[in-house]
Amino acid sequence: MTEIDYAIVGAGMAAFTAAQAIRDLDGDARIVLFGSEPEGPYQRPALSKGLWQGEREEEIIFGVEELGAELISRRVVRLEPGLRRLTDELGNEYGYRKLLLTTGVRPRRLPLAGLPGGSVHYLRTLADYRRLRAALPEPGAGLPVLVIGGGFLGAEISAALNQNGHRVTMAFPEAGISGLILPAGLAQQVNAEYTRNGIEVLAGHMVRGAEQTGETVTVALEETASGEVSEREFSLLLAAVGSTPAQELAGEAGIAVNDGIVVDELFRTDAPGVFAAGDVARYPDPLFGPRRVEHEDHALHSGMHAGLAMAGEGQPYGHIPLFYSALYGSSYEAAGLLDSRMATRANWAQPSSSGTIYYLDDRGIVRGVLLWNNPGGIDEARELLRRGELAPAAP
């Protein structure tokens with residue numbers, strides 16, 4: 001049986017920063033990353049951003065070898081924490097001293113029984129990106145593409161496809177793009193921006209069925225307000241309807257899971273020597289309580305903190321993750337809890353164009369901060385969240 005000092009299962013961004021932190025503290029240790037993707041860790045946000053704007057695949061891939069770490073491109077199918085042993089898909093067994101689980105999330109699938117397997121595209125991996133690129137009609141061919149979902153990923157990939165010359169329709173149940181986090185007026189403003197740029201925005205619509213018809217897909221779309229159902233034909237469907245944590249490997253091994261792998265402030269699970277970080281980890285946020293975060297900044301920072309803890313220099317995780325996006329002419333950075341159902345207060349430098357929106361709890365305390373076309377204030381926003389204060393008065 002092969003022996004490993006530090007085994008990392010799931011070779012994404014959190015895995016890479018964990019390996020970096022371990023290597024900084026333990027120069028001679030054997031670090032092995034196990035991942036189902038042959039490329040190893042890469043910048044996952046590029047799948048809906050940079051790769052559509054001219055960035056090359058080789059530019060987004062992290063260099064595992066530069067850390068003196070190893071990459072084994074095989075799935076791990078079994079964990080035995082009591083024996084400190086794992087087994088890969090070929091039946092090879094490995095002993096480990098410390099184990100980190102960064103298994104991430106998987107896309108939520110649409111239950112469309114009328115379509116053959118593989119007819120709906122998802123975007124989580126480089127392989128998904130390549131498959132989508134290969135399946136797209138030539139720009140200018142006039143064949144329509146349907147993006148199902150108006151959240152973070154749906155908004156980004158719709159803009160990317162449109163900017164690459166494809167004819168895009170968006171369909172989602174909310175009243176506005178990013179409507180689960182943006183205040184209603186701002187979400188409607190984004191709808192208008194997307195429409196001006198040539199995207200057909202079907203807000204308040206649900207996909208009720210789909211059927212392959214030759215080279216096109218006939219989709220049944222229900223307008224939620226009226227219940228009216230209409231049929232439309234598209235050449236390609238892409239679903240961006242959320243994700244679920246890839247926690248089964250941990251759960252089958254008897255490690256506590258609850259909408260993610262449950263960890264403490266040092267990213268330790270309830271199994272000796274086993275840690276978890278990144279999208280899959282449900283951690284005790286000192287400000288917001290137990291939660292799971294699925295953004296790049298958290299993946300990078302939680303991986304680093306977990307790696308430090310594994311190598312013996314852990315500190316309680318108090319980082320407030322940021323997330324960001326660009327929606328055509330608008331961009332934002334945000335931190336904390338953002339929910340469109342919360343009360344908000346906006347301090348605009350330019351009305352509805354540039355400023356800061358504060359998300360408030362029922363006492364008026366700031367729980368989330370959105371910097372709309374207002375870069376550079378994320379550290380100040382984090383401090384405000386830590387202090388737990390009322391929203392600042394408008395200047």
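The values are calculated or read from the model by the stated rules, or taken from the named source; none is laboratory data. What you see is a predicted model, and the numbers here were worked out from it, not measured in a lab. We place every Cβ from the backbone using ideal geometry, glycine too, and count neighbours over all the protein chains shown. Side chains included, ligands, DNA and RNA excluded: accessible areas come from the protein's heavy atoms. Shrake-Rupley method; radii C 1.70, N 1.55, O 1.52, S 1.80 Å.
Observations on the structure shown:
- Checking T218, T213 one by one, the residue that is open to solvent by 30 Å² or more (accessible area, probe 1.4 Å), at pLDDT below 95, closer than 23 Å to Y122 by Cα and in contact with a strand residue (DSSP E or B) (Cβ under 9 Å, 6 or more places away or on another chain) is T213 and no other.
- Test for E80: is it modelled with pLDDT of 95 or more, open to solvent by less than 60 Å² (accessible area, probe 1.4 Å) and farther than 21 Å from V280 by Cβ: no
- Top-ranked residue in the range 375-392 [being in contact (Cβ under 8 Å) with a residue 40 or more places away in the chain and more than 28 Å from the chain's Cα centre (by Cα); ranked as surrounded by the fewest Cβ atoms within 10 Å (Cβ to Cβ)]: P392
- Of all residues in the range 25-56, exactly one satisfies the criterion of being of a type in the set (F, W, Y), over 17 Å from the mean Cα position of the chain (by Cα) and not in a helix (DSSP H, G or I), namely F34.
- Here A46 fulfils each of the conditions (1) out of contact with any Pro (no Cβ under 6 Å at 6 or more places or on another chain); (2) touching a residue at least 40 places away in the same chain (Cβ under 8 Å) apart from (2).
- Subset tally (residues that are closer than 30 Å to G185 by Cα and open to solvent by 50 Å² or more (accessible area, probe 1.4 Å)) for the range 297-330: 3
- In the range 169-179, residue nearest to L110 (Cα to Cα) [restricted to those that are of a type outside the set (S, T, Y) and touching a Phe, Trp or Tyr at 6+ places or on another chain (Cβ under 9 Å)]: M170
- All positions within the range 83-132 that are at pLDDT 95 or above, among the hydrophobic types (A, V, I, L, M, F, W, C) and part of a loop (DSSP other than H, G, I, E, B): L90, L123
- Of the strands (runs of 3 or more DSSP E) lying entirely inside the range 224-283, the ones with 1 or more residues being of a type outside the set (F, W, Y) and open to solvent by 40 Å² or more (accessible area, probe 1.4 Å) are found at 229-234, 243-245.
- Test: residue in the range 353-361 that is in contact with a helix residue (DSSP H, G or I) (Cβ under 6 Å, 6 or more places away or on another chain), buried (at least 20 other Cβ atoms within 10 Å of the Cβ) and without any contact (Cβ under 8 Å) to a residue 60 or more places away in the chain: no
- Pair list, Cβ < 9 Å and 6+ apart or interchain, from the range 206-226 residues that are under 21 Å from L143 (Cα atoms) to residues that are of a type in the set (S, T, Y) and part of a strand (DSSP E or B): G209/T218; A210/T218; E211/T218; Q212/T218; A220/S230; L221/S230
- Selected residue [touching a residue at least 12 places away in the same chain (Cβ under 8 Å) and at positive phi] from G312, G303, G307, G318: G312
- Cβ pairs under 8 Å, 6+ apart, first in the range 159-185 and farther than 14 Å from S48 by Cβ and touching a residue at least 60 places away in the same chain (Cβ under 8 Å), second in a strand (DSSP E or B) and hydroxyl-bearing (S, T, Y): P183/T344
Every residue, every condition in (1) charged (D, E, K, R); (2) buried (at least 24 other Cβ atoms within 10 Å of the Cβ), yes or no:
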residue: I4; (1), (2): no, no
residue: F16; (1), (2): no, yes
residue: L33; (1), (2): no, yes
residue: G40; (1), (2): no, no
residue: R44; (1), (2): yes, no
residue: Q53; (1), (2): no, no
residue: R56; (1), (2): yes, no
residue: R75; (1), (2): yes, no
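- For the criterion of being among the hydrophobic types (A, V, I, L, M, F, W, C), modelled with pLDDT under 95 and either within 24 Å of the chain's Cα centre (by Cα) or open to solvent by less than 50 Å² (accessible area, probe 1.4 Å) (or both), L67 passes.
- Boolean, R208 is among the charged types (D, E, K, R) and either more than 30 Å from A343 (Cα to Cα) or buried (at least 19 other Cβ atoms within 10 Å of the Cβ) (or both): yes
- Number of the exception - L221 against (1) within 18 Å of R109 (Cβ to Cβ); (2) outside any loop (DSSP other than H, G, I, E, B): (1)
- Within the range 18-27, being within 19 Å of G273 (Cα to Cα) and surrounded by fewer than 24 Cβ atoms within 10 Å (Cβ to Cβ) holds for Q20, A21, R23, L25, D26.
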